[in-house]
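The values are calculated or read from the model by the stated rules, or taken from the named source; none is laboratory data. On a predicted model such as this, the values are computed, not experimentally measured, just so you know. Cβ placement follows ideal geometry from the backbone for every residue including glycine, while neighbour counts extend to all protein chains displayed. SASA here: full protein model, heavy atoms, side chains in, ligands and nucleic acids out. Shrake-Rupley method; radii C 1.70, N 1.55, O 1.52, S 1.80 Å.
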Amino acid sequence: MTQMLTQNQQTYRKFTTILDLSIYEPLPDDWIIGMTDVVGSTEAIEQGRYEDVNFLGASIIATIGNSLGSFDFPFSFGGDGATFALPAEYRPDAELALRQIAMFSWDRYGLRMRAGLLSMREIRDNRRDVRIARYAVSPEASYYMFSGGGIRWAEQELKKGHFAISSGTEALSAPDLSGLSCEWNPFESQRGTILSLLVEQGSKATDVTFSGTARQVMQILEQADRGGSPVPVQVPPRKDGRTSVNAATWANVASNSDFRKFDDVLRLTVDCTLDEVNEIKAALEEASNRGIVRFGLHCQSHAIMTCLVPGRDSNSHLHFLDGLDGGYSKAAAMLRGNA
């Protein structure tokens, strides 16, 4: 599978390049899109279960990658769920993984999880698309971004009960979550606040006008060191007090973190000053008034990180960021209110 996905896929090294939606390449018609979503995630987070929600949100990525023996497939972590894309020949693997995760979520955590699967043909028949671009977050690791409106549409359809995977009746083995962990204490903001931000295209936007607004947001954040990454420079303590990693290893952890990404929605978990938050909000409100964007945001004191370290290559680890208060979930609630 690795060769099939990467042999002709260009890799981009600047995040602002990823905001040019013309660079994205369409997925083949015979591919499938799968996704998960923890039901009642906002309530669970309010009960202090933010780590459970994030762990479950990333679990389908770990399960698919461990099943296939490769993490070189398009996926995106959304806080309380995730999305992935695979060639149609892997549909049985995807169906099994989705059912395993739904079972695991309920049996282990008492949280219901939506799990859905649909084809690219179904998405295109509904006048949406899924296109991908590959972003190198560091020399060792890269991940895929999505555009075309198909992911956002599929998420909305899943919440309506469409494209759901049936639970089945046979007993299932536990999902293989090797390499997935939440070992670190939350990271306190060093600059003022941890901003969770979601920005999507408005009804009057073109790809060009939306990209211009997204770049305006990024320009504000690029004034900060490391682009507003919430991952601390110094090695933090682990939850269990064990001896932590060395400085060089931690530098790789910080570099391989997904604090900024795009999957039909610009998703940011960044360490900001309050002035920067106000500047970003003013720019987005102006664009929202013109129908260019819809957005949701939430500020909190800390960020949290869920880690995925594939056994085959510890240097290609990825680290999924969210806000301590369930930042993406709360930003999504605001975005829905502005729709």
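Couplings 3J(HN,Hα) for region 210-221, derived from phi with the Karplus relation 6.51 cos²θ - 1.76 cosθ + 1.60 (θ = phi - 60°), are 5, 4, x, 5, 4, 5, 4, 4, 5, 4, 4, 6 Hz, where x marks Gly and Pro.
In the chain the longest region clear of GluC sites (Glu not before Pro) that are loop-assigned by DSSP and have at most 16 other C-beta atoms within 10 Å covers 1-139.
Of the listed pairs Lys159/Lys239; Lys239/Lys281; Lys14/Lys160; Lys14/Lys281, which have alpha-carbon separations greater than 29 Å here? Lys159/Lys239; Lys239/Lys281; Lys14/Lys160, as the Cα separations exceed 29 Å there. Modelled this way, with points 7 Å down the Cα-to-C-beta line, the labels at Thr206 and Ser244 are 4.8 nm from one another.
Starting from region 202-269, pick out the trypsin sites (Lys or Arg not before Pro) whose DSSP state is loop and whose Cβ has at most 13 other Cβ atoms within 10 Å. Within region 202-269, the qualifying trypsin sites (Lys or Arg not before Pro) (loop, at most 13 other Cβ atoms within 10 Å) are Lys204, Lys239, Arg242.
Give me the net charge for the shell around Phe77: Cβ to Cβ below 10 angstrom, other residues only, Lys and Arg +1, Asp and Glu -1. Numbers along the way, then the final one.
Working: positive: Lys261, Arg267; negative: Asp80, Asp258, Asp263, Asp322.
Taking every other residue near Phe77 into account, the sum is -2.
Compute the relative contact order of the chain as a whole-number percentage, counting only Cα pairs closer than 8 Å that sit 6 or more residues apart in sequence. Show your work: numbers first, answer last.
Numbers: 694 pairs, mean separation 74.0, N = 339.
Value for the chain: 22 percent.
Note on the chain: with charges restricted to the Cβ of Lys and Arg (+1) and Asp and Glu (-1), its dipole about the Cα centre is near 320 debye. Put the Cα centre of region 162-207 next to the Cα centre of region 227-269 and the gap is 16 Å. When the alpha-carbon atoms of region 264-328 are used, the pair Rg, Dmax equals 15.5, 48 angstrom. For the set Asp29, Asp107, solvent exposure ranked by accessible area (probe 1.4 Å, protein chains only) runs largest to smallest as Asp107, Asp29. Compute the convex hull volume of the Cα atoms of the chain, divide it by the residue count, and report the result per residue in Å³ as a whole number. Cα convex hull per residue, to the nearest whole number: 128 Å³. Karplus-based coupling profile of region 248-254, in residue order and whole Hz: 5, 5, 5, 4, 5, 4, 4, with θ = phi - 60° in 6.51 cos²θ - 1.76 cosθ + 1.60 and x standing for Gly or Pro. Across Phe187, Phe163, the residue with the most accessible area heads the list, and the full order at a 1.4 Å probe is Phe163, Phe187. Stokes-Einstein, applied to the Kirkwood radius of region 85-225 over Cα pairs at a viscosity of 0.890 mPa s and 25 °C, places its translational diffusion at 130 µm² s⁻¹.
Applying the Karplus relation 6.51 cos²θ - 1.76 cosθ + 1.60 with θ = phi - 60° to region 70-84 yields 3J(HN,Hα) values of 7, 9, 8, 9, x, 7, 8, 8, x, x, 10, x, 8, 10, 8 Hz, where x marks Gly and Pro. Remark on Val39: its backbone amide H falls under 5 Å from those of Arg112, Met113, Arg114, a criterion applied only to residues 5 or more positions apart or on other chains, H modelled at 1.01 Å from N.
Shown is the FRET efficiency for Asn278 and Asn185, computed with R0 = 30 Å from the Cβ-Cβ distance and rounded to the nearest 0.05: 0.55.
Which loop-located trypsin sites (Lys or Arg not before Pro) does region 9-72 contain, where loop means any DSSP state but H, G, I, E or B and the Cβ has at most 13 other Cβ atoms within 10 Å?
Sites meeting the loop and neighbour criteria: Arg13, Lys14.
Rg then Dmax, both in Å and based on the Cα atoms of region 144-184: 15.7, 37. Report the Stokes-Einstein translational diffusion coefficient (µm² s⁻¹, integer) for region 203-309, Rh taken as the Kirkwood radius over Cα pairs, at 25 °C with viscosity 0.890 mPa s. For these conditions, the coefficient is 156 µm²/s.
Considering only protein heavy atoms, what per residue accessible area in square angstrom results for region 1-98 with a 1.4 angstrom probe? Please list the in-between numbers first.
Working: 3670 Å² over 98 residues.
In whole numbers, region 1-98 has 37 Å² accessible per residue.
Remark on region 31-165: Rg and Dmax equal 14.5, 41 Å (Cα only). Counting only protein heavy atoms and using a 1.4 Å probe, the accessible area of Met305 comes to about 10 Å². One decimal place: the segment Thr11-Asn126 gains 38.5 nm when fully extended, by the rule 0.36 nm per residue minus the C-alpha distance. Per the 1.4 Å probe, what fraction of the accessible area of region 247-339, in percent, lies on carbon and sulfur atoms? For region 247-339, the apolar C and S fraction of the accessible surface comes to 49 percent.
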